[in-house]
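Have a look at the structure below, then the notes.
The values are calculated or read from the model by the stated rules, or taken from the named source; none is laboratory data. Nothing here was measured: the structure is a model prediction, and the numbers come from that model. Here the Cβ is made from the backbone with ideal geometry for all residues, glycine too, and neighbour counts use every protein chain on show. Accessible surface areas use protein heavy atoms only, side chains included; no ligands, DNA or RNA. Shrake-Rupley method; radii C 1.70, N 1.55, O 1.52, S 1.80 Å.
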Number of protein chains: 2
Amino acid sequence: MTDFDDAIALTSAADGTYRGSLSDEWSIGEAVNGGLLMALSTVAVVDAVPEHHAHPLTWSGVFLSPAVPGEVTVAPTVLRTGRTMSTAEVIVRQGDSERFRALVTMGDVSSHAEPVRKHSPMPTFPDVEHCVSASEAPPSALTKSGLLQRFDMRLDPATVGWALGDPSGMGEIRGWIRFADGREPDPLSLLTFLDAFPPVAFDLGSVGWVPTIEFTGYVRAVPAAGWLAIRLRTSTVTGNLLEEDAEVWDSTGRLVAQSRQLASARFAA
Amino acid sequence: MTDFDDAIALTSAADGTYRGSLSDEWSIGEAVNGGLLMALSTVAVVDAVPEHHAHPLTWSGVFLSPAVPGEVTVAPTVLRTGRTMSTAEVIVRQGDSERFRALVTMGDVSSHAEPVRKHSPMPTFPDVEHCVSASEAPPSALTKSGLLQRFDMRLDPATVGWALGDPSGMGEIRGWIRFADGREPDPLSLLTFLDAFPPVAFDLGSVGWVPTIEFTGYVRAVPAAGWLAIRLRTSTVTGNLLEEDAEVWDSTGRLVAQSRQLASARFAA
């Protein structure tokens, strides 16, 4: 078992729900990473839908309270099963507290991958060896997290000034990512990679926790083995709200996943 | 009452659900417009949450079966009420058939609108008088719809070639829109405007119906009175799937709403 597969493992209960266990190895601050929870919840959905609908195509969820290390219950409900797609709702609870709820469309992503009629090109930025490892980041509450040790994450030097107190102000963070233990990416783990990078709000000078209000991710292709490239951007930041758009390309340069989240950030000024 | 307010009017039932009536005045082909349903369902959510959380901030839904003219039942469930936001689920049914289900974050959008720290600028394109009215479009299944008569819609001549069989291939449609009866835009109706334009897939040569699989919209500011500008774009089209991104600016040039949907299109070649 890899770290990731161990973290998202579920056992089924007689009532149609599933049990998992959240570890602080996937925490950042006090909370367990939302991207891990998105993948873990989808494992229950995979089990509930037909076998040939095993990939998340769309995943939209609201985060209702922070998840903490400990037992978790996952309850999927299939809403519709069609020829090429199934739609489900999934609810994640700890005790009586609902952590999040999502609406998920499942299918076979490889059957929707060809031909490529239009394609978001991968941006040009330094290769892995010339990017800055997150493990070189200065000590802070953020870097003292289990989560960051689960990934090998390398950030474009042009978009890492915020870690030194000098955000670019562009509203963009680029870099490379893979699992630290070498597990290769797949459609399920793309949900986790979409939410693994530092929040793009940091590049605009936000401080502290950036909670996700709503998150929607799309998986567009089965990723090839190797490093993934990620670009986070935001176009509109008003008051303490911003949308964060993520794009993920695989090692062949193919766009494999997209997401947008609305998040709440605190700005120093 | 305006056309729109009449179409989204609901009456509450003793069991906590709401009843509405769908008219073919908001249909396109056989189906009632998804954007109208999004606003109508949110009316029930507005009634279920605290009065000061009356605006949709995020709206994410899955479309399970096409809605048809006739009676509709709307069932909201409040999942969480916080100080500045409430979160709810809403289900729309006709008879025993679930039409769609959505997760909605409600709040006071004006309390998140200032300061504007970063902002997606409105694109430059011809003014209303130099755009092409949808009422001038050649007769087709698409234009013989009640829906198009509810709006005054003017498309940028540079992005309307598809209506004459000559799509630009850019994957972009721009234009102006307002309600035909002069009703001014508000946060609720922005949900409808986000899904009112012809699908961007037409600009890439798709033919026929473009069903929405998943739709997520964000309302970012209370719109000023007057015309709205809309830009639809897509970056990645593979197989028969594409994401469609919409942005809406009000008459002051302020970005007031954003959305993304994953849709399924048929391409001639």
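Taking region A:106-123 as the range and being under 22 Å from the mean Cα position of the chain (by Cα) and either within 8 Å of chain B (Cβ to nearest Cβ) or open to solvent by 10 Å² or more (accessible area, probe 1.4 Å) (or both) as the test, the residues that pass are A:Asp108, A:Ser110, A:His112, A:Ala113, A:His119, A:Ser120, A:Pro121, A:Met122, A:Pro123. Of the residues screened, B:Asp127 is not one that is under 16 Å from the mean Cα position of the chain (by Cα), more than 11 Å from every other protein chain (Cβ to nearest Cβ) and either open to solvent by 20 Å² or more (accessible area, probe 1.4 Å) or over 30 Å from B:His55 (Cβ atoms) (or both).
Of everything in region B:246-268 that's within 16 Å of B:Gly169 (Cα to Cα) and within 10 Å of another protein chain (Cβ to nearest Cβ), which residue is farthest from the chain's Cα centre (by Cα)? Looking at residues that are within 16 Å of B:Gly169 (Cα to Cα) and within 10 Å of another protein chain (Cβ to nearest Cβ), I get B:Phe267. Report whether or not A:Glu214 is in contact (Cβ under 8 Å) with a residue 60 or more places away in the chain, at the interface with chain B (Cβ under 9 Å from one of its Cβ atoms), open to solvent by 10 Å² or more (accessible area, probe 1.4 Å) and assigned to a strand (DSSP E or B). No: the conditions fail for A:Glu214.
With respect to A:Thr77, determine if the residue is within 11 Å of chain B (Cβ to nearest Cβ), in contact with an Asp or Glu (Cβ under 7 Å, 6 or more places away or on another chain) and of a type outside the set (D, E, K, R). The answer is yes for A:Thr77.
One residue stands out among those in region A:137-189 that are farther than 25 Å from A:Asp250 by Cβ and among the charged types (D, E, K, R): the one that is modelled with the lowest pLDDT, which is A:Lys144. Taking the condition under 16 Å from the mean Cα position of the chain (by Cα) and either at pLDDT 95 or above or buried (at least 23 other Cβ atoms within 10 Å of the Cβ) (or both), does A:Arg93 pass? No.
Only one of the numbered conditions (1) more than 17 Å from B:Glu243 (Cα to Cα); (2) within 14 Å of chain B (Cβ to nearest Cβ); (3) crowded, with 24+ Cβ neighbours inside 10 Å; (4) in contact with a Pro (Cβ under 6 Å, 6 or more places away or on another chain) is violated by A:Pro185, and that is (2). If we only count strands (runs of 3 or more DSSP E) wholly inside region A:35-148, which ones have 2 or more residues that are in contact with a helix residue (DSSP H, G or I) (Cβ under 6 Å, 6 or more places away or on another chain)? Per the criteria, A:55-63, A:70-81, A:85-94, A:97-107. Considering region B:254-269, and only residues there that are of a type in the set (Gly, Ala, Ser) and open to solvent by 20 Å² or more (accessible area, probe 1.4 Å), the residue that is farthest from B:Pro56 (Cα to Cα) turns out to be B:Ala269. In the condition set (1) over 12 Å from the mean Cα position of the chain (by Cα); (2) of a type in the set (A, V, I, L, M); (3) within 14 Å of chain B (Cβ to nearest Cβ); (4) open to solvent by less than 30 Å² (accessible area, probe 1.4 Å), A:Leu204 is compliant with all but (4). Determine if region A:60-74 includes at least one residue that is open to solvent by less than 20 Å² (accessible area, probe 1.4 Å), in contact (Cβ under 8 Å) with a residue 40 or more places away in the chain, facing another protein chain (nearest Cβ under 9 Å) and not aliphatic (A, V, I, L, M). Yes, region A:60-74 contains a residue that is open to solvent by less than 20 Å² (accessible area, probe 1.4 Å), in contact (Cβ under 8 Å) with a residue 40 or more places away in the chain, facing another protein chain (nearest Cβ under 9 Å) and not aliphatic (A, V, I, L, M).
Scanning region B:16-51 for residues that are of a type in the set (Asp, Glu) and either in contact with a His (Cβ under 7 Å, 6 or more places away or on another chain) or at pLDDT 95 or above (or both) returns B:Asp47, B:Glu51. Per this entry, B:Arg178 is counted among residues that are more than 12 Å from chain A (Cβ to nearest Cβ), open to solvent by 40 Å² or more (accessible area, probe 1.4 Å) and not hydrophobic (A, V, I, L, M, F, W, C). Name the residues in region B:217-232 that are facing chain A (nearest Cβ under 10 Å) and not in a strand (DSSP E or B), would you? Those that are facing chain A (nearest Cβ under 10 Å) and not in a strand (DSSP E or B): B:Arg220, B:Ala221. Condition test on A:Glu243, is it touching a Phe, Trp or Tyr at 6+ places or on another chain (Cβ under 9 Å), in contact (Cβ under 8 Å) with a residue 12 or more places away in the chain and open to solvent by less than 30 Å² (accessible area, probe 1.4 Å)? The answer is yes for A:Glu243. In region A:76-84, is there at least one residue being surrounded by 24 or more Cβ atoms within 10 Å (Cβ to Cβ) and of a type in the set (A, V, I, L, M)? So far as region A:76-84 goes, no, none of its residues is surrounded by 24 or more Cβ atoms within 10 Å (Cβ to Cβ) and of a type in the set (A, V, I, L, M).
Here is a yes/no grid of residues against (1) of a type in the set (Gly, Ala, Ser); (2) assigned to a loop (DSSP other than H, G, I, E, B):
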residue: A:Ile177; (1), (2): no, no
residue: A:Gly182; (1), (2): yes, yes
residue: A:Phe197; (1), (2): no, yes
residue: A:Ser251; (1), (2): yes, yes
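All told, A:Asp166 falls short of being away from every other protein chain (no Cβ under 14 Å), more than 16 Å from A:Leu232 (Cβ to Cβ) and either touching a strand residue (DSSP E or B) at 6+ places or on another chain (Cβ under 9 Å) or assigned to a helix (DSSP H, G or I) (or both). Is it the case that B:Leu103 is open to solvent by less than 50 Å² (accessible area, probe 1.4 Å), over 26 Å from B:Gly205 (Cα atoms), touching an Asp or Glu at 6+ places or on another chain (Cβ under 7 Å) and not small (Gly, Ala, Ser)? The answer is yes for B:Leu103. Which one of these is facing another protein chain (nearest Cβ under 9 Å) and closer than 21 Å to A:Leu79 by Cβ: B:Leu103, B:Leu57, B:Leu40? None of the other options fit; the residue is B:Leu103. Here B:Ser235 meets the list (1) assigned to a loop (DSSP other than H, G, I, E, B); (2) farther than 13 Å from B:Glu172 by Cβ; (3) within 11 Å of chain A (Cβ to nearest Cβ); (4) among the small types (Gly, Ala, Ser) almost entirely, failing just condition (2).
Taking every residue in region A:23-51 that is open to solvent by 10 Å² or more (accessible area, probe 1.4 Å) and pairing it with any residue that is of a type in the set (Ser, Thr, Tyr), at least 6 positions away or on another chain, the pairs with Cβ-Cβ distances below 6 Å are A:Ile28/A:Ser145; A:Gly34/A:Thr212; A:Val49/A:Ser86.
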